[in-house]
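K.L.:
Structure incoming, see below.
The values are calculated or read from the model by the stated rules, or taken from the named source; none is laboratory data. Since the model is a prediction, treat every value here as computed from it, not as a measurement. Heads up, the Cβs are rebuilt from the backbone with ideal geometry, glycines too, and the neighbour counts pull from every protein chain shown. Note: areas computed on protein heavy atoms with side chains; ligands, DNA, RNA excluded. Shrake-Rupley method; radii C 1.70, N 1.55, O 1.52, S 1.80 Å.
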Amino acid sequence: MKPILQAQGLRLAFGGVKAADGIDLDVGEGEFLAIIGPNGAGKTTFINMCTGWLKPQSGRILWRGEDIAGLPPRRITQRGIARSFQLPQLFTEHTVLRNLALAIAAREGAFSLLRPLLRPGWTKEAMEILRGFGLESLADTRADALNEGSRKLADIAMAVALKPRLLLMDEPTSGVAASEKLGIVETLARVLRETGVSAVFVEHDMEVVSRFADRVAVWSQGRIVANGPPEAVLADPEVRREVIGIEDAHAAP
Amino acid sequence: MTHRREALLALLFALAVLAAAFAVPWLRFVLTLALAKGIAALGVMLLLRAGQVSFGHAMFVAFAAYAVAFLAGQVGEALLLLPLAILLAALLGLVIGLFVARYREIFFGMLNLALSMVFYSLLEKFYSITHGTDGMRVPAVTWAGMATERVGGEWAVLVAALVLAIGFALLARLYLASPLGEALQGIKTREARLEFMGLPPRRVLLVAYVLSAAMAGTAGALIALTTRHVTPLMGYWTASGELVFIVILGGAGGVLGPFLGAIAYELVRVYAAASVADAWQLILGAVLLAVILFARGGLFSLLRGRRA
Ligand SMILES: Nc1ncnc2c1ncn2[C@@H]1O[C@H](COP(=O)(O)OP(=O)(O)O)[C@@H](O)[C@H]1O
Ligand SMILES: [Mg+2]
């Protein structure tokens, strides 16, 4: 698979904490890559570096061959990388529909001062995206009135509305009701596959990982300690014990 | 509020202004000032949408007023002077906006204040050019080529102020519903998300800043044409505070708010000053207190009141 994004030797420390301690990772064109690992392992830091929120102290991030490390977030977004957030980042005083329409407007770069945001074409597109996330009935609800799960979904929907080539999702299913999780990831995966979008997602639900990821990278203390197909990685007793927290009865000490 | 209802309200409002100006001649001057300040307050309201309060916008009022005073000798036509002064204020807004749009909240407010104080003292100190605190007289101008005597001139500025008020209110309404206008509120609630959507927040705020400077400039030009005398006090920090006061009083929820606030403000000031000397600050202070405690959305929200 041709890599679309290549992280090479990324390092970033906060004081004494090495949040990234030599990260090397390729993401293939159209690939779904899951990132797993305990809290504080540096997963969010990796996404923050790839999207320009944090600048690595050393290393390169190649996007189709160009080093984008240290570019401001908007420049990276303009190149086709979008993200969603561990804590949803919505425009709280706007309705869900307007949140989506703003993302579409930003993507289109159409900034006439006199034409309305809620123009028919954008409204229609926003409603279609919301339908995919099961949010259409909440279109006119203010974002600060949503429950945690819906906030999470609206946050991802906004990233999807940017029509990226690579979508980075930080814990997309945390906060989403267990009964809705798989259905939503299924819809999301279908949309992304149809358009050939690559995805990197931090995930704690191993069922989601094994069903939707092409590959799994395991994070621990700022390093990648395992990287491979889900069946292999999730079966590794070391990974099961250290990362997933499952003690296999027959595992050797 | 629906478009229809707001348009109807605006129409009633405009008719009431004209009727009052017709019935009570000395109100013409007061209403012109109120409309001018309403336009400036509308600009301050745009910035408030982004959660930013400028305590220095009287600088643009004074700048445009002095531009009129300086240029009226050469450009003796009001219909040329007005757009010229507005354009100059917008240009100053662009230069200053490029700098202040990087700052937020208290820093934004105080930077605007600081710049306006610098400008105020320049007007005061360069006596040979500006005549210091004495100010400058504005030479008589023509309106559409016609020389106007006193009453005709008063009506001309009032009608110009009304037309500009309606024009800017419509512009602001369209702008606030456009992507850039809607994004302003995004600066207040989640600025970082704008960055991650590929939309530079500074540019979003800069557009609002230039518009607000143009509106404050419009107010300054109108005030210069109606008072025929400009002084540094037009740009003093209390004049900037007055604009913020007017927005809070009138309400920032709709484009009519600043105009309601400005009219209420000027009428209370005039009537209170006439009846109880020195009591108008007390009255206005009490009104502001009541608005903040009981009607956060200002006079505009009281009018909107009963929801359909
Ligand atoms: N902006 C920051 N300032 C200081 N420390 C940080 C910052 N961001 C992350 N860290 C630290 O870096 C480590 C990795 O954090 P993070 O990337 O959020 O982990 P994860 O997403 O895997 O839970 C943690 O120890 C965290 O406290
Ligand atoms: Mg995290």
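K.L.:
Beyond 19 Å, what percent of the Cα pairs of segment A:1-111 remain?
P.N.:
52 percent
K.L.:
Something else about it: Rounded if a/c is under 1.5, else prolate if a/b is larger than b/c, else oblate: which is segment B:3-235, with a ≥ b ≥ c the root eigenvalues of its Cα gyration tensor? Before the final figure, lay out the partial values.
P.N.:
Working: a/c = 2.30, a/b = 1.32, b/c = 1.75.
Oblate shape, in that a/c is at least 1.5 and b/c is the bigger or equal ratio.
K.L.:
A further question follows. Report, to two decimal places, the Cα Rg of segment A:61-138 normalised by 2.2 N^0.38 Å (N = number of residues). Intermediate results must be reported in sequence, preceding the final value.
P.N.:
On the way: Rg = 14.8 Å, N = 78, 2.2 N^0.38 = 11.5 Å.
Here the answer is 1.28, to two decimals.
K.L.:
Find how much the distance from A:H204 to A:D144 grows on full extension, using 0.36 nm per residue of separation minus their present alpha carbon separation; answer in nm with one decimal. Walk me through the intermediate numbers first.
P.N.:
Values: separation 60, 0.36 × 60 = 21.60 nm, distance 2.56 nm.
Gain on extension, A:H204 to A:D144, equals 19.0 nm.
K.L.:
Turning to a different aspect of this structure: Using a 1.4 Å probe over the heavy atoms of the protein chains, calculate the carbon and sulfur portion of the accessible area of segment A:3-244 as a whole percent.
P.N.:
50 percent
K.L.:
Can you tell me the orientation of helix A:120-132 relative to chain A, as the angle in degrees between its alpha-carbon axis and the longest Cα principal axis, to the nearest 10?
P.N.:
With both axes taken from Cα atoms, the answer is about 40 degrees.
K.L.:
For segment A:77-83, just list the computed ³J(HN,Hα) in residue order, Karplus coefficients 6.51, -1.76 and 1.60, θ = phi - 60°, integers in Hz, with x standing in for Gly and Pro.
P.N.:
Values, residue by residue: 4, 5, 7, x, 10, 10, 9 Hz.
K.L.:
While we're here: By the gyration tensor of its Cα atoms, with a ≥ b ≥ c the square roots of the eigenvalues, what is the shape of segment B:96-203: rounded for a/c under 1.5, prolate for a/b over b/c, or oblate?
P.N.:
oblate
K.L.:
List the residues, sorted by chain then number, that are 5 or more residues from A:V200 or on another chain and whose placed amide H is less than 5 Å from its amide H.
P.N.:
It is A:L33, A:L167, A:L168, A:M169, by chain and number.
K.L.:
While we're here: Give me the extension gain from A:T195 to A:A232: residue separation times 0.36 nm, minus the current Cα-Cα distance, reported in nm with one decimal.
P.N.:
Numbers: separation 37, 0.36 × 37 = 13.32 nm, distance 2.79 nm.
Extra length from A:T195 to A:A232 when fully extended: 10.5 nm.
K.L.:
Would you mind getting the accessible area per residue of the protein assembly as shown, heavy atoms of the protein chains only, 1.4 Å probe, in Å²? Working shown, then result.
P.N.:
Details: 24450 Å² over 561 residues.
Ligands and nucleic acids excluded, the result is 44 Å² per residue.
K.L.:
Quote the charge dipole size of the protein assembly as shown about the Cα centre in Debye, to the nearest 20; the model charges only the Cβ of Lys and Arg (+1) and of Asp and Glu (-1). Walk me through the numbers on the way to the answer.
P.N.:
Working: 52 positive and 44 negative charges, 251 e Å.
With only Lys, Arg, Asp and Glu charged at Cβ, the dipole is about 1200 debye.
K.L.:
Take A:L62 and B:L267, extend 7 Å from each Cα along the Cα→Cβ direction, and tell me the distance between the two endpoints in nm.
P.N.:
Computed distance between label sites A:L62 and B:L267 equals 7.2 nm.
K.L.:
For segment B:174-308, which whole-number percentage of the solvent-accessible area (1.4 Å probe, protein heavy atoms only) is attributable to carbon and sulfur atoms? Please list the in-between numbers first.
P.N.:
Details: 3420 of 5270 Å².
It is 65 percent, rounded to a whole number.
K.L.:
At a probe size of 1.4 Å, how large is the accessible area of B:L282, to the nearest 10 Å²?
P.N.:
Rounded to the nearest 10, the figure is 130 Å².
K.L.:
Hey, rough spin-label estimate for B:I166 and B:L87, points 7 angstrom out along Cα→Cβ, what's it come to in nanometres?
P.N.:
2.5 nm
K.L.:
Can I ask one more? Rounded to the nearest 0.05, what FRET efficiency do A:E242 and B:T2 give with R0 = 41 Å and r taken as the Cβ-Cβ distance? Could you check? Working shown, then result.
P.N.:
Details: r = 61 Å, r/R0 = 1.48.
The formula returns an efficiency of 0.10 here.
K.L.:
Leaving out ligands, DNA and RNA, calculate the buried accessible area for the pair B and A with a 1.4 Å probe, summed over both sides, in Å² to the nearest 100. Could you put the intermediate results ahead of the total?
P.N.:
Values: alone 14760 and 12330 Å², together 24450 Å².
Between B and A, the summed buried area is about 2600 Å².
K.L.:
Counting only protein heavy atoms and using a 1.4 Å probe, what share of the accessible area of segment B:1-139 belongs to carbon plus sulfur, as a whole percent? Show your work: numbers first, answer last.
P.N.:
Working: 4880 of 6400 Å².
Its accessible area is 76 percent carbon and sulfur atoms.
K.L.:
Now, a different point. Hey, if you put +1 on the Cβ of every Lys and Arg and -1 on every Asp and Glu Cβ in the protein assembly as shown, which of B:L9, A:L192, A:V243 ends up farthest toward the positive end of that dipole?
P.N.:
B:L9
K.L.:
Need one word for segment A:124-253: rounded, prolate or oblate. Basis is the Cα gyration tensor (sqrt eigenvalues a ≥ b ≥ c); a/c below 1.5 gives rounded, then a/b vs b/c decides. Display every interim value, and only then the final one.
P.N.:
Working: a/c = 2.60, a/b = 1.96, b/c = 1.33.
Prolate is the answer for segment A:124-253, as a/c is 1.5 or above and a/b outweighs b/c.
K.L.:
Going by Cα centres, segment B:239-308 and segment A:28-66 are how many Å apart?
P.N.:
Using only Cα atoms, the two centres lie 52 Å from each other.
K.L.:
Still on this structure: Residues of segment B:163-198 with accessible area at least 40 Å² lower in the all-protein-chain context than alone (1.4 Å probe)?
P.N.:
With the partner chains in place, segment B:163-198 has these residues losing at least 40 Å²: B:L174, B:P179, B:L180, B:E182, B:Q185, B:T189, B:R190, B:R193, B:E195, B:F196, B:M197, B:G198.
K.L.:
Over chain B, calculate the relative contact order: mean separation of alpha carbon pairs under 8 Å at least 6 apart, over the residue count, as a percent. Show your work: numbers first, answer last.
P.N.:
Details: 490 pairs, mean separation 103.9, N = 308.
In percent, rounded to a whole number, it is 34.
K.L.:
What angle do you read, to the nearest 10 degrees and between 0 and 90, between the alpha-carbon axis of helix A:148-161 and the longest principal axis of chain A?
P.N.:
The angle comes out near 80 degrees.
K.L.:
Name the residues of segment A:88-104 whose accessible area falls by at least 40 Å² when all protein chains are present instead of the chain alone, probe 1.4 Å?
P.N.:
A:Q89, A:F91, A:E93, A:H94, A:L102
K.L.:
While we're here: If I require 15 Å or longer along the helix axis, counting alpha carbons, and a Kyte-Doolittle average no lower than 1.0, what helices from chain B are left? Use full DSSP H segments.
P.N.:
On the way: long enough: B:3-23 (30 Å, 1.49); B:27-49 (32 Å, 1.77); B:58-71 (19 Å, 2.29); B:78-100 (32 Å, 2.90); B:105-125 (30 Å, 1.14); B:150-177 (41 Å, 1.69); B:179-196 (17 Å, -0.43); B:201-227 (39 Å, 1.30); B:237-250 (20 Å, 1.64); B:257-275 (27 Å, 0.97); B:280-294 (20 Å, 2.53).
Passing helices, by number: B:3-23, B:27-49, B:58-71, B:78-100, B:105-125, B:150-177, B:201-227, B:237-250, B:280-294.
K.L.:
Got a sec? Charge dipole of chain B, +1 on Cβ for Lys and Arg, -1 for Asp and Glu; which of B:I248, B:A21, B:A58 is way out at the positive end?
P.N.:
Value: B:I248.
K.L.:
Something else about it: Whats the longest run of chain B with zero trypsin sites (Lys or Arg not before Pro) that are DSSP loop and have at most 15 other Cβ atoms within 10 Å? It would help to have the intermediate numbers written out before the result.
P.N.:
Details: sites that count: B:R102, B:R296, B:R306, B:R307.
Excluding the exposed sites themselves, the longest stretch runs over B:103-295.
K.L.:
Subtracting the Cα-Cα distance from 0.36 nm times the residue separation, let me have the gained length for B:A144 to B:E105 in nm, one decimal.
P.N.:
Numbers: separation 39, 0.36 × 39 = 14.04 nm, distance 4.31 nm.
My answer for the length gained is 9.7 nm.
K.L.:
For a quick size check, give me the Cα extents of chain A along its three principal axes, largest first, whole Å.
P.N.:
That gives 66, 40, 36 Å along the principal axes, largest extent first.
K.L.:
If you average over every viewing direction, what projected area does the convex hull of the Cα atoms of the protein assembly as shown give, in nm²? Before the final figure, lay out the partial values.
P.N.:
On the way: hull surface 126.6 nm².
One quarter of the hull surface, i.e. the mean projection, equals 31.6 nm².
K.L.:
Using θ = phi - 60° and the Karplus relation 6.51 cos²θ - 1.76 cosθ + 1.60, list the HN-Hα couplings for segment A:3-18 in order, rounded to whole Hz, with x at every Gly or Pro.
P.N.:
x, 9, 10, 10, 8, 10, x, 6, 10, 7, 10, 9, x, x, 7, 8
K.L.:
Where both partners of a DSSP beta bridge lie in the protein assembly as shown, what percent of those bridges are antiparallel, to the nearest 5? If you can, show how the numbers build up before the last one.
P.N.:
On the way: 26 of 44 bridges.
Beta bridges within the protein assembly as shown, antiparallel portion: roughly 60 percent.
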